[in-house]
1. Whether any residue in the range 132-147 is surrounded by 10 or more Cβ atoms within 10 Å (Cβ to Cβ), in contact with a strand residue (DSSP E or B) (Cβ under 9 Å, 6 or more places away or on another chain) and part of a helix (DSSP H, G or I) is what I want to check.
2. Hey, can you tell me all the residues within the range 86-112 that are within 15 Å of Pro144 (Cβ to Cβ) and surrounded by 16 or more Cβ atoms within 10 Å (Cβ to Cβ)?
3. Within the range 320-346, take every residue that is open to solvent by less than 70 Å² (accessible area, probe 1.4 Å) and assigned to a helix (DSSP H, G or I) and give me the one that is modelled with the lowest pLDDT.
4. What's the number of the only condition in (1) modelled with pLDDT under 85; (2) open to solvent by less than 90 Å² (accessible area, probe 1.4 Å); (3) in contact with a helix residue (DSSP H, G or I) (Cβ under 8 Å, 6 or more places away or on another chain) that Ser116 fails to meet?
5. Working carefully through the options Leu41, Leu83, find the one that is within 30 Å of Leu125 (Cα to Cα), open to solvent by 50 Å² or more (accessible area, probe 1.4 Å) and modelled with pLDDT under 65.
6. Would you point out which residue out of Val314, Val289, Val276, Val295 is surrounded by 10 or more Cβ atoms within 10 Å (Cβ to Cβ) and modelled with pLDDT of 80 or more?
7. With the requirement that a residue be over 28 Å from Ile110 (Cα atoms) and modelled with pLDDT under 85, what does the range 134-177 give you?
8. Say we look at the range 192-221 and pick out the residues that are open to solvent by 70 Å² or more (accessible area, probe 1.4 Å) and hydroxyl-bearing (Ser, Thr, Tyr); which of these is nearest to the chain's Cα centre (by Cα)?
Amino acid sequence: MWRDPQAAWDGEDWKTVTTSSAVGRIAAVVALAVAAVAVALLLFRGGSTYEITAEFQNASQLVNGSQVVVAGVPSGSVKSIALGDRGQALVTFTVQDPYAPLREGTHATIRSYSLSGIANRQIQLDLPAEDTAGPELPSGSTLPESATTSEVDLDQLFNTLNARTIKNFKHVIEGFELSYEGVARQANAGYKYLNPFLSTSRQVFGELTRDTPTLERLIVDTSHLSGALAERSFDISGLVHNANLMMGAIAGQSTALQSALVRLPDFMRRSNTTFVNLRATLDDLDPLVDASKPVAERLGPFFSTFRRAAHDAVPTITDLERTIRRPGRQNDLVELTRDAVPLAKAAIG
């Protein structure tokens, strides 16, 4: 049966096309709305910059655009620098994610990130630990001067010194140059171990600061010790003098001491052999010690009685000593024995 194509298009197929067009228009409108929302979010986010103003004692040669770093990672830049009511520097800078927003307890420090020069400063942010951090600081907040540290330039330090001090300081530097001449490598090796020493000292001083009462007692006891030493200053001077004489005597025998040190390794090797042989001798002495143990147990009461007898014999022995030899002439047994020789010759002939 033949069917009119126009009639077929005007019927159910037309309804299908109409429905598909409506769905397409709705999808296009939804996609456009989503794109508009995304653009609005991007614009809103890009326009809301997190900024903080920090009060520094001085700007320390900061300029607009100087970096703001957290643990060495760039996280913002300086936007403006103004003068506060009390003469402090008001530095406004931005902080980017993931470090924004900052929290109370953050410390800002102006540091040099290269050799001395112009505009080589940056702001270093030290973030607080999670267990000590305070609430979040909203954008536009101010870090007080107690939470900031300005860079101290060498020129500022030298400007505090007078001409005589600077001249003497130059002599000190020249002296350092002479003292390190020829021993630079050894000095560098010593400085290599200086950093761990300083780190350990920092921990020690941290513990002392944490336990303030103990530190106070240590200072008081040290004061008492210093006072006691001051009272015995004469004895200490004698001790130092005698120590100086002792060191001088040792230095005077440096040749003999050097010879003894040269012979010491041979002596130690021979002593080692002697001690090894002595170990075998001690093993041979074990039977003698075991056989002596019953006798040693009996010697205890004997020595106890002998101790009392010896104590009572002290006056007798003292009198006997006087009888044998007494100060004076012809009054003791020694002189009687000497006189007996000529007496025997006269009597016997």
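1. Yes: the range 132-147 contains one or more residues that are surrounded by 10 or more Cβ atoms within 10 Å (Cβ to Cβ), in contact with a strand residue (DSSP E or B) (Cβ under 9 Å, 6 or more places away or on another chain) and part of a helix (DSSP H, G or I).
2. Those that are within 15 Å of Pro144 (Cβ to Cβ) and surrounded by 16 or more Cβ atoms within 10 Å (Cβ to Cβ): Gln88, Ala89, Leu90, Val91, Thr92, Leu102, Thr106, Ala108, Thr109.
3. Selected residue: Ala344.
4. Evaluating Ser116 over (1) modelled with pLDDT under 85; (2) open to solvent by less than 90 Å² (accessible area, probe 1.4 Å); (3) in contact with a helix residue (DSSP H, G or I) (Cβ under 8 Å, 6 or more places away or on another chain) leaves (2) as the failure.
5. Residue meeting the stated conditions: Leu41.
6. The match here is Val289.
7. Phe176, Glu177 - these are the residues of the range 134-177 that are over 28 Å from Ile110 (Cα atoms) and modelled with pLDDT under 85.
8. Per the stated criteria, the residue is Thr200.
The values are calculated or read from the model by the stated rules, or taken from the named source; none is laboratory data. What you see is a predicted model, and the numbers here were worked out from it, not measured in a lab. Note: ideal-geometry Cβ built from the backbone for every residue, glycine included; neighbour counts use all protein chains shown. For accessibility, only protein heavy atoms count, side chains too; no ligands or nucleic acids. Shrake-Rupley method; radii C 1.70, N 1.55, O 1.52, S 1.80 Å.
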